[in-house]
Every structure is written in structure tokens, then in C-alpha cells.
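Below is one structure; the comments refer to it alone.
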Amino acid sequence: MEIVLKGLETTIVGRSIFYHRTLPSTMDLAKKLATEGVQEGTVVLCDEQTEGRGRQKRKWFASPASSILMSVVFRPTLGQLPQINMLGSLSIVRAIERLTKIKSTVKWPNDVLVDGSKIAGILMENVLQGEVLQAAILGMGLNVRLDVSSYPEISSIATSLSAKAGRDFDRDDVLCTLLEEMDTLYQAVQRNEDVYHRWLPHVETLGKTVRIKSGQSVEEGLAQSINPDGSITLRRADGSQVTIATGE
């Protein structure tokens, strides 16, 4: 069902919104719509996902109507891809501060934290036709009023807007704010403005000793730099360096 969100003021993101009460995955439907030629900025939104996933196909926990669960269709150039991922987490950081005045941080590569607890996650998947990029699908889950104590798997590491702000939130207000921040940043990407340097100060991983799983290998070292292409460079204990494109 296509809906119009009252009060939304955007140019690209959210011009078309497909809403479902329940979906297996907003990401999967958004990818299907992208191959069918939906306009850029199309949003797939639901109240509940039965097969929601995060990175590495981990299960995403969210009770019905507790979170923002959505995927957005972008049609960037290959050179703009890294900034799509960055604008996802940065738009959440900005929306949280706009709504609550609370500062949040980005944990490389795709989590948003408040006081060290995860409040949101990002997942990006590309739609390719042969070697040609058709679309980039940016999926995100933002805990609005999720009761994390109901999920032992995440209760010690996750939080929500309501828990941190001490009040309830209208999910439509949160969604409008988030889509507006995303739209502003995507327009900046299209103008070839630098989103990387707006995003980097919010990344809390820089300067920390981290352990990153990438594929079958695990690397540990000091996070020396996070690069414009979104990769991270670690300095190992022996002084050598390694650059990792993505990981956990």
C-alpha cells in the first residue's frame, strides 16, 4: 500500500512510500521494486518484519510497532556508494539529536550507539545487472519504543529512544525527521559535497583498539584511520598496518 506521510518535507527521499503492517524483510521488497524501476527515494516501511536481518544475516529484533523498520532505494554512481552508507548512520545521529538533544555516535561500520548501547543499525545491499549498478538499498532499524528487556539476546547491549529520553515518541514524527535528514544529506551527495567529513567526527571507533571479523579472518589493532571509501586502517601490535573494507 502506497501512503503519503503528513508533514514530510523532502525532495527525493520519501516521495513514494510503500507501507505494510508485516513483511518478511523491507530490504527484499525494496530490492524487488528497484529492479522494477521505482523512482529514487522510494521507501519501504513496515510495523513488523518476520525475517528482518542485520549485518552478517544476524536476526533483527523488534516487536510490532516498536521501531522504524525501513529500506530506501537510491540510484547513486559507483563513486557515491561509500557516502550512501555514511549518510544512513549520520541521518540517524542528526535525527536523534533533533528529536531529543541526545548525542549519539557511530560504531564502525554500521551501528548507532547512545551511551554505548545500540539504538540503530544500517544495512546496505546493492542491486546489480551484470556489472552495472542499478540501485543501492539502504536498510535501517531504529528502536523507538522497543522494550529491550523482552529480548535476552540484546537486553544488555541495546536501547531505544524512549528509554534514553524518558518519554514516548510518535513514530511518524520520528520517521519524518529521519527522512528529512536523509534527504538533506543525499542532496549534498548529489551536489558532490563532502559527507565523509561531516560523518567522521561522530565515529567513536577511531583511536580505539578493536577486534574486527572480516570474512573468515579476524584482525585486531588500533583504529588508526577511517577512510573516505568507508574502510578502516588498523595498526597491529607488531606495527604493521591492515586496511579492512568491511567487518564486524
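Some points to look at:
- Among the candidates Gly88, Gly130, the residue that is among the small types (Gly, Ala, Ser) and modelled with pLDDT under 95 is uniquely Gly130.
- Scanning the stretch 239-248 for residues that are assigned to a loop (DSSP other than H, G, I, E, B) and closer than 19 Å to Pro82 by Cα turns up Ala245, Thr246, Gly247, Glu248.
- Whichever residue in the stretch 204-232 is more than 19 Å from the chain's Cα centre (by Cα) and acidic (Asp, Glu) and, among such residues, is surrounded by the fewest Cβ atoms within 10 Å (Cβ to Cβ): Glu220
- The stretch 137-159 residues that are basic (Lys, Arg), paired with ones that are assigned to a strand (DSSP E or B) (beta carbon under 9 Å, 6 or more apart): Arg145/Ser67
- Filter result (touching a Gly at 6+ places or on another chain (Cβ under 9 Å) and open to solvent by 60 Å² or more (accessible area, probe 1.4 Å)) within the stretch 22-51: Pro24
- Filter result for the condition that a residue is basic (Lys, Arg) and surrounded by 15 or more Cβ atoms within 10 Å (Cβ to Cβ), over Arg191, Arg167, Arg171: Arg171
- Residue within the stretch 13-21 that is in a loop (DSSP other than H, G, I, E, B) and open to solvent by 20 Å² or more (accessible area, probe 1.4 Å) present: yes
- In summary, strands (runs of 3 or more DSSP E) completely within the stretch 80-129 and bearing 2 or more residues that are of a type in the set (A, V, I, L, M) and crowded, with 24+ Cβ neighbours inside 10 Å occur at 117-129.
- Helices (runs of 4 or more DSSP H) contained in the stretch 140-238 and holding at least 3 residues acidic (Asp, Glu) and under 30 Å from Thr42 (Cα atoms): 171-190
- When the stretch 174-186 is filtered for residues that are open to solvent by less than 10 Å² (accessible area, probe 1.4 Å) and either without any contact (Cβ under 8 Å) to a residue 60 or more places away in the chain or among the acidic types (Asp, Glu) (or both), only Asp183 remains.
The values are calculated or read from the model by the stated rules, or taken from the named source; none is laboratory data. Because the structure is predicted, anything quoted here is derived from the model rather than measured. Positions of Cβ are backbone-derived with ideal geometry, glycine not excepted, and every protein chain shown enters the neighbour counts. Remember, those area values only see protein heavy atoms, side chains included, never the ligands or the DNA or RNA. Shrake-Rupley method; radii C 1.70, N 1.55, O 1.52, S 1.80 Å.
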